[in-house]
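Asker: Pasting a structure below so you can have a look.
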Amino acid sequence: MIEGEKMSVPGITQTSQYLSFILDQETYAMDITQVREVLDFTKITKVPRMPKFIKGVINLRGGVVPVVDLRLKFGMSPAEKTVDTCIIIIEINIQETQTLLGIMADSVQEVMSMEPDQIEPAPKIGTRLKTEFIKGMGKKNDEFIIILDSDKVFSADELTIVQEVEKNEGAVQA
């Protein structure tokens, strides 16, 4: 690579919009096309025998939506709930099926546009640290923004659990 030449992320070829949010004082972002809405924090119904990062389910206009604490999923300490704590409803692809999922965030920042040259590939940090769920590292005002690939944040097994939660809780509510 020629010094000064920017490496770009494969697949990011045009200006895209991202919803940025905070987890443990770090800024993360997700493609706005996968975000359905942002909700104030609400009561979460716990579901027994779920992985710790699945906090439970919420009722979204009569539908059951599993809620994930990304801080726990990423190995961070659990967050204290504040007035800024929110649930971002995203749509992810599980085995060719679109599924709604709520992710808890410490706070939501803004919707921002990023040019392809503002986004660099995720760092390759050996084989023990998994970074395949990071779509790229955005840079804005000398600050890095970790851009998540929401379809890859969860393993296939974890997503199957999410689908089971939706089915079982939906049957209970019916």
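The values are calculated or read from the model by the stated rules, or taken from the named source; none is laboratory data. All values reported here derive from a predicted model rather than from experimental measurement. We place every Cβ from the backbone using ideal geometry, glycine too, and count neighbours over all the protein chains shown. For accessibility, only protein heavy atoms count, side chains too; no ligands or nucleic acids. Shrake-Rupley method; radii C 1.70, N 1.55, O 1.52, S 1.80 Å.
Asker: In segment 45-92, which residue that is over 17 Å from VAL35 (Cα atoms) and touching a Ser or Thr at 6+ places or on another chain (Cβ under 6 Å) is most open to solvent (accessible area, probe 1.4 Å)?
Answerer: That would be ASP84.
Asker: Look at THR15 and say whether it is at pLDDT 90 or above and open to solvent by 60 Å² or more (accessible area, probe 1.4 Å).
Answerer: No.
Asker: Check SER77 against each of (1) among the small types (Gly, Ala, Ser); (2) under 17 Å from ILE146 (Cβ atoms); (3) in a loop (DSSP other than H, G, I, E, B) and name the one condition it does not meet.
Answerer: So the condition that SER77 fails would be (2).
Asker: A follow-up question, please. Checking GLU37 against (1) within 17 Å of the chain's Cα centre (by Cα); (2) more than 16 Å from LEU148 (Cβ to Cβ); (3) open to solvent by 70 Å² or more (accessible area, probe 1.4 Å), only one condition comes out false. Which one?
Answerer: GLU37 satisfies every listed condition except (3).
Asker: Can you pull out the residues in segment 45-72 that are more than 19 Å from GLU91 (Cβ to Cβ) and among the β-branched types (Val, Ile, Thr)?
Answerer: THR45, VAL47
Asker: Follow-up question, since we're still on this one. Determine which member of the set VAL65, VAL83 is among the β-branched types (Val, Ile, Thr) and either touching a Leu at 6+ places or on another chain (Cβ under 8 Å) or in a strand (DSSP E or B) (or both).
Answerer: Working: VAL83 fails: either touching a Leu at 6+ places or on another chain (Cβ under 8 Å) or in a strand (DSSP E or B) (or both).
Matching residue, one of VAL65, VAL83: VAL65.
Asker: Further question on the same structure: Among the residues of segment 93-137, count how many are open to solvent by 40 Å² or more (accessible area, probe 1.4 Å), in a strand (DSSP E or B) and modelled with pLDDT under 85.
Answerer: Number of matching residues: 3.
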